[in-house]
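The values are calculated or read from the model by the stated rules, or taken from the named source; none is laboratory data. Computed from a predicted structure; not experimentally measured. Note: ideal-geometry Cβ built from the backbone for every residue, glycine included; neighbour counts use all protein chains shown. Each accessible area value is taken on the protein alone, full model and side chains, heavy atoms only, with ligands, DNA and RNA left out. Shrake-Rupley method; radii C 1.70, N 1.55, O 1.52, S 1.80 Å.
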Amino acid sequence: MSLYEHLDRHHAMNKLFHIFKIDVKEAQRISELPNEPHNHNFEELLIGIEGELEHFIDFKTNKIKAPFVSFITKGKVHKVEPKTLNGKCDIWGIRFKSEFIPETTFQLYSLYHNQANIALQKDTCFQRLVSICEMIYDETQEENADYAIIRQLLSLLLTMIEAERKKTLPIVNSTQKTQHISFGNFLSILEENFRRPVGVEFYSEKLFMSSRNLNIICQNILEQSVSEIIETRKLIEAKNLLISTGKTISEIAYELGYNENSYFSKVFKKKTGQAPSEFREEMKNNLIS
């Protein structure tokens, strides 16, 4: 069983990060597997050098030829089938948990809302993306891979993809544009304040709009309420702190604006199915095994 099949079988991943390659042989094997629309518990980035992708997402099916970039957010129902084109298929796949680059994840959700696939030009800019993928892969093959380097390279890769994406942006109507600007501003304010014990009204006042309007925008773009988004951002940071620091559960709860350790643990378990201590222990065992 290949890594791709093993990871996709239950649409779950214990690692924080994984990079893999899909070639002609792997594309052929994937096409023979049962492949129903599904979602998974990680983010997935596909960078197509050769071949094409048949992608069911946002309730429609698209085909996109290489070179392309495709981003599938955690929890989004989709179906992906890599295919050969002119006898070739060469696609980098990168999977990572939200907490691997917590400060970037929500920006990705908003950027790729209703635009999961981006066609690119096979030029110097695209070749740089491929080179960064190769650098990331090479680092993962080291005996003691440095995941701080991998985080930096992944952040750089996403920044460069965003620069390319801006060149291909479709013309949107003024209402959509205004909503996306407001949502981007909300995310920026959230990034500065999510550790504080403040609620929806705080953010809507900062944006000079009603709580109702802010909720409508968030539902349109992320299909979550403002409260859910705030809680999700806290949860991503909680996981990050549990993995990357030796802070106690109480210290983490306090840092994230929870008045009581027991309430923080209750929310964490409700969202993840595990107590914070159980999550920390599991990730210690599975971190990058």
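Observations on the model:
- Residues satisfying the stated conditions in region 183-224, i.e. part of a helix (DSSP H, G or I), more than 28 Å from residue 259 (Cβ to Cβ) and over 21 Å from the mean Cα position of the chain (by Cα): 213, 216
- With respect to being in contact (Cβ under 8 Å) with a residue 12 or more places away in the chain and of a type in the set (Lys, Arg), residue 239 fits the description.
- Within region 237-262, the set of residues being surrounded by 13 or more Cβ atoms within 10 Å (Cβ to Cβ) and of a type in the set (Ser, Thr, Tyr) comprises 244, 250, 254, 258.
- Complete set of residues in region 43-89 that are closer than 18 Å to residue 19 by Cβ, open to solvent by 40 Å² or more (accessible area, probe 1.4 Å) and at pLDDT 90 or above: 50
- Matching residues, region 15-58, being basic (Lys, Arg), under 20 Å from the mean Cα position of the chain (by Cα) and not in a strand (DSSP E or B): 15
- Residue in region 243-260 that is among the aromatic types (Phe, Trp, Tyr), under 18 Å from residue 74 (Cα atoms) and touching a residue at least 12 places away in the same chain (Cβ under 8 Å) present: no
- The condition of being of a type in the set (D, E, K, R) and at pLDDT below 95 does not hold for residue 138.
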